[in-house]
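The values are calculated or read from the model by the stated rules, or taken from the named source; none is laboratory data. Predicted model only: the values in this text are computed from it and were never measured. Virtual Cβ from ideal backbone geometry, glycine too; neighbours counted across all protein chains shown.
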Amino acid sequence: MSGALRILLTGFGPFPGGPFNPTMPLVDRLIRLRRPALSEVERIGHIFPVIYQAVDQQLPALLARHRPHALLMFGLASRTSYIRVETRARNAVTALWPDASQNRPRQQSIVAGSQAQVFGPHTALLFRAASETGLDVRLSRDAGSYLCNYLSWRAIEAANAGDGPGITAFIHVPPVARGSAPYSAAPMTLTQLVTVGEALLLTTVKLARQAAMTVD
């Protein structure tokens, strides 16, 4: 493989019901992480506004500009107490909750026809790596119907187009303890999320390097 391996890591900003989104500092920590296995890896961080139109505009631009070998995405599941490695994106979008721009989708599906799109067999390897940290990590078949699921759908769509990232994954994280309600009783700390994030990142790098070498 010629050139540096490029990994795009993304999180989300605050949204209605989630005034603090731990994926923002999580992505920042992973971008600045210093490990020998990451010495020749270009890590690009991006925080999406929780807005449907922003995802549609910014994701294609990021992929075209950076041409990442892998896309590792994080989102907040505010009602979940554990980390979820998503295995698929559902063809569903909710009109119950507006995005951060107060937009409510008019349709209940993202596209016509398809029911779901899967990330691929690499999710099992990511799940195994994250589980080895000893924290509560589970596979998930339901990424919801909000922006996390929407981004997942668009990312898989781009990957399947043929010139997108070879490895694409979405990870839902729980709220983190911050010392004030409702987060004071959160099940994990940011440090614990970074521990899992590091395991996921290192495994993503390994998988992306293998995929890039196969293509070359």
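Tabulated data for the structure shown
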{"quantity": "Residue in region 165-181 that is in a helix (DSSP H, G or I), at pLDDT 95 or above and either loosely packed, with under 13 Cβ neighbours inside 10 Å or not charged (D, E, K, R) (or both) present", "calculated": "no"}
{"quantity": "Residue within region 25-34 that is in contact with a Pro (Cβ under 9 Å, 6 or more places away or on another chain), at pLDDT 95 or above and buried (at least 22 other Cβ atoms within 10 Å of the Cβ) present", "calculated": "no"}
{"quantity": "Neighbours by Cβ (under 6 Å, 6+ apart or cross-chain): first from region 107-132, among the aliphatic types (A, V, I, L, M) and at pLDDT below 95; second in a loop (DSSP other than H, G, I, E, B) and surrounded by 12 or more Cβ atoms within 10 Å (Cβ to Cβ)", "calculated": "ILE110/ASN91; ILE110/VAL93"}
{"quantity": "Within region 83-158, strands (runs of 3 or more DSSP E) holding 2 or more residues that are among the hydrophobic types (A, V, I, L, M, F, W, C) and surrounded by fewer than 19 Cβ atoms within 10 Å (Cβ to Cβ)", "calculated": "116-118"}
{"quantity": "Sole exception among (1) within 28 Å of ARG65 (Cβ to Cβ); (2) in contact with a strand residue (DSSP E or B) (Cβ under 6 Å, 6 or more places away or on another chain) for SER140, by number", "calculated": "(1)"}
{"quantity": "The one condition in (1) within 29 Å of LEU202 (Cα to Cα); (2) in contact (Cβ under 8 Å) with a residue 40 or more places away in the chain that ALA64 fails to fulfil", "calculated": "(2)"}
{"quantity": "The listed residue being free of Cβ contacts under 8 Å to residues at least 40 places away in the same chain and either over 15 Å from the mean Cα position of the chain (by Cα) or under 19 Å from LEU193 (Cα atoms) (or both), out of GLY17, GLY75, GLY13, GLY45", "calculated": "GLY45"}
{"quantity": "Test: ALA116 is under 18 Å from the mean Cα position of the chain (by Cα), aliphatic (A, V, I, L, M) and farther than 23 Å from THR23 by Cα", "calculated": "yes"}
